[in-house]
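Report on the structure given below.
Every read-out reported here was derived from the displayed coordinates using simple, explicitly stated rules and does not represent laboratory data. Note that the coordinates shown come from a computational prediction; the quantities given were computed from them, not determined experimentally. Note that each Cβ is placed from the backbone with ideal geometry, even for glycine, and that neighbours are counted across all protein chains shown.
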Amino acid sequence: MASRLFVSRDTLWRLERGDPSVAIGTLATAVYVLQLHDRLAALAAADRDALGLDLDAAALPQRIRSEPALTASARGDADSVGFGETCDEGMLID
């Protein structure tokens with residue numbers, strides 16, 4: 001089996017024991033050699049992760065509030081001209 005994975009027997013032994021220092025690529029190759037790659041794909045499927053989906057749903061805001069409407073002068077609209085400002089024609093408004 002180690003020769004099919006292109007690793008040493010020691011690395012295979014550590015992989016079988018669950019040693020976290022073994023490369024993830026070695027684990028993926030072992031899964032492929034054992035023809036268990038469908039299970040590996042299902043493990044990474046986000047749509048099947050019930051706990052992750054529940055945690056995401058819990059993190060969503062419960063209610064979204066809209067921002068208060070700004071007045072025309074606060075928005076800086078060109079259509080609104082206040083006291084002491086000039087209009088498009090360049091005239092001073094009193």
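Descriptive notes on the structure:
- Sorting the segments 30-43, 4-17 by their residues' average number of neighbouring beta-carbon atoms within 10 angstrom, most packed first, yields 4-17, 30-43.
- Gyration tensor over alpha-carbon atoms, the range 1-52, equivalent ellipsoid semi-axes in Å: 25, 13, 7
- Take every Cα pair under 8 Å whose residues are at least 6 apart in sequence, average their separation, divide by the length of the range 2-59, and the relative contact order is 22 percent.
- Converting phi to 3J(HN,Hα) with the Karplus coefficients 6.51, -1.76 and 1.60 and the offset θ = phi - 60°, the range 25-38 yields x, 5, 5, 5, 5, 5, 5, 5, 4, 7, 6, 10, 5, 5 Hz in sequence order, with x at every glycine or proline.
- Chain lengthening between residue 4 and residue 64 when straightened (0.36 nm per residue, less Cα-Cα): 16.0 nm
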